[in-house]
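These notes are about the structure you will find just below.
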Amino acid sequence: MLAALTMGAVAQNTDSIRVKNDTIGTKKKIFGEIAETFPQFPGGQKALMQFLEKNVQYPDAAQDYDVEGQIIMTFFVNEDGSLSDISARDCKINRFNTTRFSQETESKQKELKEQFAKLFAKEGYRVIKKMPKWAPGKRNGKITRMKYNVRISFVNPYK
């Protein structure tokens with residue numbers, strides 16, 4: 001029904017650079033420092049995917065228009081493994097029922113797209129908030145607060 005398509009971690013610095021999650025366990029230079037370990041969901045990427053598949057719910061309101069899309073959830077993994085500063089960005093509507101959607105006025109179509117983006121963001125926030133503590137990242141041998149991105153896809157399970 002749902003899948004996390006991409007995940008990534010970012011060092012805390014405000015001039016941060018995104019680094020794909022597949023670099024976990026390798027050493028990468030970020031801002032002249034060595035990032036040794038990026039934050040990790042308990043059990044790793046496979047467990048994170050399973051958690052998302054089990055917990056993310058397709059919004060009922062999106063079913064009427066057969067809306068499918070994706071959103072990137074951004075948050076910080078703190079030194080103690082807790083998550084904070086959860087936000088949503090880059091919501092994309094990938095698919096919708098064109099016959100039904102085209103019956104709406106242009107302003108209504110715009111309003112609906114915004115509504116669905118908010119529904120996806122709200123659901124993404126709910127699921128991230130529900131996550132257990134993560135293993136924090138390390139930089140230069142010290143546990144460090146790091147930014148992390150998770151892409152969540154919403155696929156209509158009723159079709």
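The values are calculated or read from the model by the stated rules, or taken from the named source; none is laboratory data. Computed from a prediction, not measured in an experiment: that's the story for all the values here. Please note: Cβ atoms are built from the backbone with ideal geometry, for glycine as well, and neighbour counts cover all protein chains shown. The area values use the complete protein model at the heavy-atom level, side chains included, leaving out ligands, DNA and RNA. Shrake-Rupley method; radii C 1.70, N 1.55, O 1.52, S 1.80 Å.
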Thr99 and Glu114 label points (each 7 Å along its Cα→Cβ direction) are spaced in nm at 2.9
Accessible area per residue, Å², segment 41-124 with all protein chains present, probe 1.4 Å:
55
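Leaving ligands, DNA and RNA out of it, report the carbon-plus-sulfur percent of the accessible area of segment 50-104 at a 1.4 Å probe.
Details: 1080 of 2770 Å².
With neighbouring chains kept in place, the figure for segment 50-104 is 39 percent.
Expressed in nm², what is the orientationally averaged projection area of the convex hull enclosing the Cα positions of segment 93-159? Walk me through the numbers on the way to the answer.
Values: hull surface 27.5 nm².
Projected over every direction and averaged, the Cα hull of segment 93-159 covers 6.9 nm².
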